Structure formats: C-alpha cells, structure tokens
Amino acid sequence: MKTEISAPARKAWMSLLAQADEADLSRLWQAFDHNPDFNWLRPPEAGGVMVRGRMGGSGAPFNLGEMTVTRCALTLTDGTVGHAYVQGRSKPKAEIAAKVDALMQTEAAQDLRQAVLDPLQQVQQAQKKARAAKAAATKVEFFTMVRGED
C-alpha cells in the first residue's frame with residue numbers, strides 16, 4: 001500500500017542512494033532481507049549524460065563534460081513505481097536503488113530507513129567529516145605583524 005511522501009524527502013533518499021558506495025548498499029540491502037516481487041518498466045541500462053556547471057554558481061552555464069550513468073524503473077506488484085539513476089555502469093546498484101525507492105513509498109519505509117538509509121547516511125557523514133579534517137590539516141593561517149612604522 002502506498003503512503004504519502006514529500007518531494008524533498010524523496011529527493012534526499014534518491015540522492016543518498018545515488019551517492020552510496022555499491023558495496024555498502026549491497027551489504028545493507030542483503031541484510032534487510034526483503035526482496036519484493038516486481039516487473040521492469042525499464043531494465044537497467046547504461047548511458048551518458050552531459051554535466052553542466054556555472055562559474056561562481058551564478059555565471060553562464062557551460063558544459064563540463066560527460067558522465068556515465070545507469071538508470072532503471074520498476075513497479076512492485078502493488079503498483080508502486082521505483083526509479084534509479086546512479087553514476088557508473090553498475091546495473092545491480094541501480095536495481096537495488098530502484099527497489100529501495102519503491103519500498104520507501106510503502107508501509108515498509110520505516111524499517112527500510114532504519115536498515116539501509118540511516119546507515120548509509122552515517123557512512124556518508126563520516127566520509128564528509130574525514131574529508132573536512134584532511135582539508136583542515138592542510139590549512140595555512142596567515143597573519144600580519146604590525147611593524148610600527150606609520
């Protein structure tokens with residue numbers, strides 16, 4: 001049975017799934033031990049997308065380069081649709097992400113959040129913290145000494 005979800009909440013878990021390490025996602029999904037019956041709307045397929053950027057966040061857009069992504073869409077037996085777009089060519093990761101997306105729209109959402117999404121978010125936050133600590137270790141503090149010659 002479908003439950004009401006907000007667009008920002010779905011955007012958050014889709015982003016988390018897309019950025020997750022495939023090994024972590026697979027391990028957590030296997031531990032969740034709930035593989036629903038589904039039908040493919042679009043089986044996993046790899047392709048390329050153009051990545052665009054802006055200088056300073058507000059400048060004119062420019063083409064940064066191409067990136068490989070894998071996408072898929074599926075529907076659970078109750079009609080719930082799940083989508084996934086993940087970086088790279090991993091069809092298994094895209095399939096798991098689509099299943100998670102679909103199940104997050106059902107009554108299994110709370111259990112799935114505790115078993116898969118929360119641990120993935122903790123890993124992601126630990127990686128960000130480690131990156132920030134590594135960057136902080138290289139920070140150079142400059143100071144000016146006043147020579148007293150006005």
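The values are calculated or read from the model by the stated rules, or taken from the named source; none is laboratory data. Remember, it's a predicted structure, so these values are computed and weren't measured experimentally. For neighbour counting, all protein chains shown are included, and Cβ atoms are generated from backbone atoms with ideal geometry for every residue, glycine included. Accessible surface areas use protein heavy atoms only, side chains included; no ligands, DNA or RNA. Shrake-Rupley method; radii C 1.70, N 1.55, O 1.52, S 1.80 Å.
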Item to check | Failed criterion for residue 91 (all others in (1) open to solvent by 80 Å² or more (accessible area, probe 1.4 Å); (2) at pLDDT below 95 hold) | outcome: (2)
Checklist outcome for this item: Expected output for region 1-20 (first residue among the polar types (S, T, N, Q), partner open to solvent by 50 Å² or more (accessible area, probe 1.4 Å) and at pLDDT below 95, Cβ below 7 Å, 6+ apart or cross-chain) is 3/107
Checklist entry - Given the structure, is residue 17 closer than 23 Å to residue 111 by Cα and either part of a strand (DSSP E or B) or open to solvent by less than 60 Å² (accessible area, probe 1.4 Å) (or both)? => result yes
Checklist entry - For residue 108, are the conditions met, namely being aliphatic (A, V, I, L, M), buried (at least 16 other Cβ atoms within 10 Å of the Cβ) and touching a residue at least 60 places away in the same chain (Cβ under 8 Å)? => result yes
Checklist entry - Regarding residue 100, is this residue in a helix (DSSP H, G or I) and either of a type outside the set (A, V, I, L, M) or at pLDDT 95 or above (or both)? => result yes
Checklist entry - Do any residues in region 40-59 that are within 14 Å of residue 86 (Cβ to Cβ) and at pLDDT 95 or above have Cβ atoms under 6 Å from those of residues that are acidic (Asp, Glu) and loosely packed, with under 10 Cβ neighbours inside 10 Å, where the two are at least six apart or on different chains, and which pairs are they? => result none
Checklist outcome for this item: The lone condition residue 66 fails out of (1) of a type in the set (Asp, Glu); (2) without any contact (Cβ under 8 Å) to a residue 24 or more places away in the chain; (3) outside any strand (DSSP E or B); (4) more than 26 Å from residue 122 (Cα to Cα) is (3)
Next on the checklist: Given (1) farther than 30 Å from residue 107 by Cβ; (2) touching a strand residue (DSSP E or B) at 6+ places or on another chain (Cβ under 7 Å); (3) open to solvent by less than 90 Å² (accessible area, probe 1.4 Å), identify the lone condition not met by residue 57.
Outcome noted: (2)
Checklist outcome for this item: (1) surrounded by 11 or more Cβ atoms within 10 Å (Cβ to Cβ); (2) of a type outside the set (S, T, N, Q); (3) part of a strand (DSSP E or B); (4) over 15 Å from the mean Cα position of the chain (by Cα) all hold for residue 72 apart from (4)
Checklist entry - Say we look at region 129-142 and pick out the residues that are exposed (fewer than 10 other Cβ atoms within 10 Å of the Cβ) and either in contact with a helix residue (DSSP H, G or I) (Cβ under 8 Å, 6 or more places away or on another chain) or of a type in the set (Lys, Arg) (or both); which of these is nearest to residue 24 (Cα to Cα)? => result 134
Next on the checklist: If a residue must be among the β-branched types (Val, Ile, Thr) and open to solvent by 70 Å² or more (accessible area, probe 1.4 Å), how many such residues does region 33-54 contain?
Outcome noted: 0
Checklist entry - All but one of (1) open to solvent by 90 Å² or more (accessible area, probe 1.4 Å); (2) farther than 22 Å from residue 75 by Cβ; (3) not in a helix (DSSP H, G or I) hold for residue 30; which doesn't? => result (3)
